[in-house]
Amino acid sequence: MFITHSHFDHIKYIEDLRDQFPQLQLCGYYLPEEDFGVNHRGLTHHEIIPIGTEILTVLHTPGHYPDSICLWNKKDNCVFTGDTMFVGRTGRTIGAKSNISHLYNSIYETLLILPPQTIIYSGHHYGFKKSISLRENVRLSTFFQCTSEEEFMKVMEQFEKNRRI
């Protein structure tokens, strides 16, 4: 089972699953301070994971949380983004371990360099549809149209300000 990041809403039932399936292997980005115990496999950036006839590439995408990962399937043109990228926006960066600068790098130097036809599947359905191509997401959202980290920070600050109103 892949852990896209270790926020509570993504891992709260791990112990229940382990009770039901003792051989379940948890796979998530390796951070020394995040220990999932038995059967945890720490993943690394650009690690290749074969699953049957499919191949996933691990993309470390910190920002929303330090251990955030995305899983890219090049053959099927899709990426599972967890809480790093949603339809129309990014994950939030208000948590104690969040980092806007890291999120900017994850978005602009890791995800937006994937082929534009890549379909994103996020960890939550917050947008107007469940999935979207990177190309369409960039076209529709100012989060993905920034020309600098400073501009991205302003977009993020405006987003959070509007959420508090």
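The values are calculated or read from the model by the stated rules, or taken from the named source; none is laboratory data. Just so it is clear, the model here is predicted, and its values are computed rather than measured. All Cβ positions, even for glycine, are placed from backbone atoms using ideal geometry, and neighbour counts span all protein chains on display.
Residue check: is residue 89 over 21 Å from residue 66 (Cβ atoms) and not small (Gly, Ala, Ser)? Answer is no for this residue. Cβ-Cβ contacts under 8 Å between residues 6 or more apart (or on different chains), taken from a first residue in the stretch 8-28 that is over 23 Å from residue 65 (Cα atoms) to a second residue that is aliphatic (A, V, I, L, M) and at pLDDT below 85, are listed as 18/38. For the stretch 136-156, filtered to residues that are touching a residue at least 24 places away in the same chain (Cβ under 8 Å) and not aliphatic (A, V, I, L, M), the residue that is surrounded by the most Cβ atoms within 10 Å (Cβ to Cβ) is 137.
Exactly one condition in (1) acidic (Asp, Glu); (2) without any contact (Cβ under 8 Å) to a residue 40 or more places away in the chain; (3) buried (at least 20 other Cβ atoms within 10 Å of the Cβ) is false for residue 67; which is it? It is condition (2) that residue 67 fails. On the stretch given as the stretch 93-120, residues that are out of contact with any Ser or Thr (no Cβ under 6 Å at 6 or more places or on another chain), surrounded by fewer than 19 Cβ atoms within 10 Å (Cβ to Cβ) and either aliphatic (A, V, I, L, M) or free of Cβ contacts under 8 Å to residues at least 24 places away in the same chain (or both) total 7.
Just checking, does the stretch 131-141 include any residue being over 25 Å from residue 9 (Cα atoms), among the polar types (S, T, N, Q) and in contact with a Leu (Cβ under 8 Å, 6 or more places away or on another chain)? No, the stretch 131-141 contains no residue that is over 25 Å from residue 9 (Cα atoms), among the polar types (S, T, N, Q) and in contact with a Leu (Cβ under 8 Å, 6 or more places away or on another chain). Annotation: residue 61 fulfils all but one of (1) at pLDDT below 95; (2) within 18 Å of residue 28 (Cβ to Cβ); the unmet one is (1).
So that you can scan it fast, the table gives a plain yes or no per residue for (1) among the small types (Gly, Ala, Ser); (2) modelled with pLDDT under 95:
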{"position": "79", "(1), (2)": "no, no"}
{"position": "88", "(1), (2)": "yes, no"}
{"position": "101", "(1), (2)": "yes, no"}
{"position": "119", "(1), (2)": "no, no"}
{"position": "124", "(1), (2)": "no, yes"}
{"position": "143", "(1), (2)": "no, no"}
{"position": "146", "(1), (2)": "no, no"}
{"position": "151", "(1), (2)": "no, no"}
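Exactly one residue out of 28, 42 is part of a strand (DSSP E or B), touching an Asp or Glu at 6+ places or on another chain (Cβ under 8 Å), within 17 Å of residue 5 (Cβ to Cβ) and not polar (S, T, N, Q), and it is 28.
Contact map, the stretch 43-54: residues that are over 24 Å from residue 31 (Cβ atoms) and without any contact (Cβ under 8 Å) to a residue 60 or more places away in the chain paired with residues that are part of a loop (DSSP other than H, G, I, E, B) and of a type outside the set (A, V, I, L, M), Cβ distance under 8 Å, separation 6+ or inter-chain. Pairs shown: 54/75; 54/76.
Among the candidates 84, 44, 53, 90, the residue that is touching a His at 6+ places or on another chain (Cβ under 8 Å), hydroxyl-bearing (Ser, Thr, Tyr) and surrounded by fewer than 18 Cβ atoms within 10 Å (Cβ to Cβ) is uniquely 44.
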